[in-house]
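Trainee: Structure in structure tokens, see below.
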Amino acid sequence: MADKKIGEYYSPPPKMGKWEGFRKFIWNSETSQCLGRTGSSWAKILLFYIIFYAALTGFFAAIFAVFYQTLEGDKPKWMLENGLIGSNPGLGFRPMPPEANVESTLVWYQSSKEDNYKYWVDETARFLKYHTYEELPNRNHVNCSFEHPPPEGKVCGIDMLGFAPCTLDNKFGYNVARPCIFLKLNKIYNWIPEIYNDSKSLPEHMPEELKNHIKEKQSLRPNETGVVWVSCEGENPADVENIKARDYYPRMGFPHFYFPFKNIEGYIPPIVAVQFTVETGVLINIECKAWARNIIHDRSERRGSVHFELMVD
């Protein structure tokens, strides 16, 4: 009886070769199946995934739409102390060493060999060209001064002549032992510096050179004390001795009328050129600091100051 049921209800599939079996899997004319499924089965699967991915796309689109409603295109949602950047700007310097030495802060060259110092001249020129948007129209630019800050919706331009003698024509001083290092203050949206404009309330650890400069400005031109001051000093007693002189162009800091940064089109952050006259053949450690009441100096966090080494052969 068991053998009979097997014969009536079950019969083994016909033996086929590999190629013939594969062709039948691709298309079975007896059952009208393609890849093991009928047309209606494939249609149901396709419809399911269309609905599934459409719903998934719609869900994420709705999430992003709600998220972007909380943002503004021209300013960050979280600012100053509430943002990741914080309210303490960092200080940077240019030119930077080659990318191969990305962690290096050493500016080292031979002033008697043009092919040796050419990199530093070209890198400085490239920075100034990019930083001042030389090839772009001066949109929203106005001439600013301490008496005439920019009106609403306008920004201050930069007069490249103010950096003389730190100019390309003079090779930025790299052809002699008087290299020019450019300093820039990092942009923080809506940050307003609290200026040291009174010589009677200067911090004790401020360099004497800067203190005397502020006192002189307050005495002779009190309207020009609205500056985020800058100082550059040798880090060690030997470094101090090996810096013969340093000059700041166009002034010893960043004027207040460049602040706050509001992301207005055409905005150019202020920069300061510091020309060092140094002893040759000696490695000199230099630290530059920006000075304002709301700038805290923290070398490990790179806040308010910048360190680099200078060596001229």
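The values are calculated or read from the model by the stated rules, or taken from the named source; none is laboratory data. Since we're looking at a predicted model, the values are computed, not measured. Backbone-built Cβ (ideal geometry, glycine too); neighbour counts: all protein chains shown. Surface areas here come from the heavy atoms of the whole protein model, side chains and all, with no ligands, DNA or RNA. Shrake-Rupley method; radii C 1.70, N 1.55, O 1.52, S 1.80 Å.
Trainee: Which aspartates and glutamates have a Cα less than 14 Å from the Cα of residue 171, not counting those fewer than 8 places away in the same chain?
Mentor: 114, 115, 122, 123
Trainee: Could you do me a favour and compute the accessible area per residue for the range 80-312, 1.4 Å probe, result in Å²?
Mentor: Ligands and nucleic acids excluded, the result is 53 Å² per residue.
Trainee: If you don't mind, another one. Against the 2.2 N^0.38 Å scaling, with N counting residues, where does the range 213-280 land? I'd like the Cα-based Rg ratio to two decimal places.
Mentor: Taking N as the residue count of the range 213-280, the ratio is 1.39.
Trainee: Tell me, for the chain, which Cys residues have no other cysteine's C-beta sitting closer than 4.7 Å.
Mentor: 34
Trainee: Given R₀ = 22 Å, FRET efficiency for residue 296-residue 127 by Cβ-Cβ distance, to 0.05?
Mentor: Approximately 0.25, to the nearest 0.05.
Trainee: If you compute log10 I(q)/I(0) by the Debye sum over Cα atoms at q = 0.08, 0.11, 0.16 Å⁻¹ for the structure shown, which of (i) -0.37, -0.70, -1.40; (ii) -0.52, -0.86, -1.46; (iii) -0.52, -0.78, -1.41 do you land on?
Mentor: (iii)
Trainee: Set the Förster distance to 45 Å, then compute FRET efficiency between residue 313 and residue 200 from the Cβ-Cβ distance, nearest 0.05.
Mentor: 0.50
Trainee: Do any of 129/211; 215/289; 154/244; 77/217 go past 30 Å between their Cα atoms, and which?
Mentor: Result: 129/211; 154/244; 77/217 exceed 30 Å.
Trainee: Based on the Kirkwood radius over alpha-carbon pairs, what is the Stokes-Einstein translational diffusion coefficient of the range 76-143 at 4 °C with 1.567 mPa s viscosity, in µm²/s?
Mentor: 84 µm²/s
Trainee: At 222 nm, what value in deg cm²/dmol follows for the chain if DSSP H runs of at least 4 each add -39500 (n - 2.57) and the sum is divided by all its residues, to the nearest 500?
Mentor: Computed ellipticity for the chain at 222 nm equals -8500 deg cm²/dmol.
Trainee: Which net charge results when you count Lys and Arg as +1 and Asp and Glu as -1 among the other residues whose beta-carbon is under 15 Å from that of residue 143?
Mentor: 0
Trainee: Specify the inter-centroid distance of the range 69-109 and the range 235-313, based on alpha-carbon positions, in whole Å.
Mentor: About 15 Å separates the Cα centre of the range 69-109 from the one of the range 235-313.
Trainee: Test of understanding: what is the full-extension gain from residue 56 to residue 187, defined as 0.36 nm times their sequence separation minus their Cα-Cα distance?
Mentor: That works out to 43.3 nm of additional length.
Trainee: Whenever you get a sec, compute what percent of the accessible area on the chain sits on carbon and sulfur atoms (1.4 Å probe).
Mentor: Heavy-atom surface of the chain belonging to carbon and sulfur, 1.4 Å probe: 55 percent.
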